[in-house]
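Below is one structure, written out as structure tokens; comments come after it.
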Amino acid sequence: MSVSPSSAPLIALRGVRKSFGHLEVLRGIDMDIRKGEVVAIIGPSGSGKSTILRTINGLTPINEGSIRVGDIEVGDPKLDKVKLRHRVGMVFQQYNLFPHRTVLQNVAMAPIQVLKEPREQVEERARRLLAEMRLPDKADAYPGELSGGQQQRVAIARALCMEPEVILFDEVTAALDPEMVKEVLSAVRKVAEDGVTCILVTHEMGFAREAADHIYFTDRGVIVEHAPPQTFFTEASDPRTKEFLSKVL
Amino acid sequence: MTASQVVSTVVEWMPFILRGFGLNILMSVLAILIGTALGIFLGLGQLSRLRLVGAPSRLATQLFRNAPWLVLLFYCIFLMPYQVNIGGMTIVLPSWLRATIGFSFPVAANFSEIVRGAVNSVPHGQWEAAEALGYSRRATLFRIVLPQCISRMIPPWMNLYALLLTATPLSMIVGVEEALGRTQAAVQAQANAAMLLPMYLALLALFFFYTWPINRLSRALEGRFGTK
């Protein structure tokens, strides 16, 4: 592993609980994620994986427990949301690009409008990010004119343009045609290699195994077990993990 | 009466009727402007998370949307003063102006629903993506959601205008001298039963040729915006 386990975690979840009505989706989640780490959360559908991600940037408020990102207490009622969202970016399964804006505007608008950074500087950064996402000639296109894989890479560039420390990837390849999965995964790998802390919910076991530093397995709102990928995929101990892995591998 | 006599009689009366029709257009244009302005507030009010704003907006919208236009018209005609005093100045409110205000209420309520529907038709993911980028709810509404809504709102808004125009002859009942009232007067003045159908047909044509292109344009726009 590239990170030393002794350094203080950048993100810490403690006893996080969340219910939607009578349904308890998260039943006491503890996680520690260090700076620069790539963490994959896997598990059956409805096990609460996406909800965990959404609690980390405050999209879903929690009922109990605590979440800390750096020095930000996410559950704080006086939370500075802009500060949190500046620090934690997110990429969605359905891309969620703004269809009435060009690709460049999609990438650059939040740093300009929300973070109040100078336009020229942001647009220059946006163009560089689009080039890194191998979309240099799409700056003036509209999202509707792009393929799913291209749209998702724009969404990654949009998240990166906020210069976050952490990016949450919520099943970013699940809506894509198979031939586009690879291009998006290599974009995610690029982000991880650049030192951004990545937390991904994914069904791509091969990718999780190869790119992640740590794997969390969730089932019915709890973390059943977690381990580095080599250990996780070969020596999983819990019967629920074994059953899941036997289905997906 | 020969056909040419009929036509020439209709043409003869046409300027008289057209002056009335001008009033229909004036009332409809003013009512759509007032109604749209009011409807934007009501519609955004309906979407507010503040109960103090949301509940009255929803109530007003439902009230004016589910009331017959004619009843609202009666209310405005008979409840509004004939003249108002503003700082010593007396402004007379002619009946066509009071009728216009009467038409504005149902227009506002219908536009309020158009605004609400358009905003709700924007996928939830847009709100989430904006929230994740640090946009406040208000900023999301004005910078991201509403710009996407405008193209969706134009076709139903044009339909609403066409509907409003075809409703303006209701104001005849409360004494506004618009096209229908004038046509009726023209028919009565001629005291000739043979002119009855041609005169009303001319009036229908007048409304049709004004409203039809609006509806066609709205359909065309709907097709264009609907694809995205």
Measuring from the longest principal axis of the C-alpha atoms of chain A, the long axis of helix A:103-113 (C-alpha) lies at a number of degrees, nearest 10, equal to 80
As a test of reading the structure, rank B:I34, A:I56, B:I86 by solvent-accessible area (1.4 Å probe, protein chains only), most first. B:I86, B:I34, A:I56
Dipole in debye (nearest 20) - the range B:3-226, about Cα centre, beta carbon charges: Lys, Arg +1; Asp, Glu -1: 640
Can you compute the modelled spin-label distance between B:L70 and B:S48, with each label point 7 Å from Cα toward Cβ, in nm? 3.5
Using 0.36 nm per residue of separation minus the Cα-Cα distance, give me the extension gain between B:V7 and B:Q62 in nm, one decimal. 15.2 nm
For the range A:46-99, what is the Kirkwood estimate of the hydrodynamic radius, computed as the reciprocal of the mean inverse distance between distinct Cα atoms, to one decimal in Å? 12.2
Relative contact order in percent for the range B:3-226 (Cα pairs under 8 Å, 6+ apart) equals 29
In angstroms, what radius of gyration and Dmax does the range B:3-226 have, counting Cα atoms only? 21.4, 73
Dipole of the protein assembly as shown (Lys/Arg Cβ +1, Asp/Glu Cβ -1, origin at the Cα centre): which of B:A67, B:L23, B:L160 lies farthest to the positive side? B:L23
Set the Förster distance to 35 Å, then compute FRET efficiency between B:L33 and B:H124 from the Cβ-Cβ distance, nearest 0.05. 0.60
Divide, for the range B:127-166, the radius of gyration over alpha carbons by 2.2 N^0.38 Å, where N is the residue count. 1.64
Debye, to nearest 20: dipole size of the protein assembly as shown, +1 on Lys, Arg Cβ, -1 on Asp, Glu Cβ: 1040
Ordering B:R152, A:R209 by accessible area with a probe of 1.4 Å, largest first, what comes out? A:R209, B:R152
Normalised contact order of the range B:1-117, rounded percent, pairs of Cα under 8 Å and 6 or more residues apart: 39
Cα-only radius of gyration and Dmax that characterise the protein assembly as shown, units Å: 31.3, 106
Debye, to nearest 20: dipole size of chain A, +1 on Lys, Arg Cβ, -1 on Asp, Glu Cβ: 460
Kirkwood hydrodynamic radius of the range B:51-131, Cα pairs, Å: 15.2
Once fully extended, how much extra length lies between A:A12 and A:Q121, figured as 0.36 nm per residue of separation less the alpha-carbon to alpha-carbon distance? 35.9 nm
In the range B:3-226, taking the dipole from +1 charges on Lys and Arg beta carbons and -1 charges on Asp and Glu beta carbons about the Cα centre, the listed residue (B:S218, B:A202, B:F142) farthest towards the positive end is B:F142
List, largest first, the extents of the alpha carbons of the range A:8-59 along their principal axes, each in whole Å. 36, 20, 18
Taking a probe of 1.4 angstrom, what is the accessible area of B:Y75 in Å², to the nearest 10? 140
When the Cα centres of the range B:45-88 and the range A:135-179 are compared, how far apart do they sit, in Å? 47
Among A:Y216, A:V248, A:I112, whose Cα lies farthest out toward the positive end of the dipole of the protein assembly as shown, if unit charges sit on the beta carbon of Lys, Arg (+1) and Asp, Glu (-1)? A:I112
Rounded to the nearest 500, the 222 nm mean residue ellipticity computed for chain B from DSSP H runs (n ≥ 4, each -39500 (n - 2.57)) alone is -26000 deg cm²/dmol
Taking the reciprocal of mean 1/r across every pair of different Cα atoms in chain A, the Kirkwood radius in Å is 18.6
Residue ranges of DSSP H helices in chain B that stretch 24 Å or more (Cα, own long axis) and have mean Kyte-Doolittle hydropathy of at least -1.0 are B:3-47, B:95-121, B:146-167, B:196-226
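The values are calculated or read from the model by the stated rules, or taken from the named source; none is laboratory data. Only a predicted model underlies this, so the values are computations on that prediction, with no experimental measurement involved. Heads up, the Cβs are rebuilt from the backbone with ideal geometry, glycines too, and the neighbour counts pull from every protein chain shown. For accessibility, only protein heavy atoms count, side chains too; no ligands or nucleic acids. Shrake-Rupley method; radii C 1.70, N 1.55, O 1.52, S 1.80 Å.
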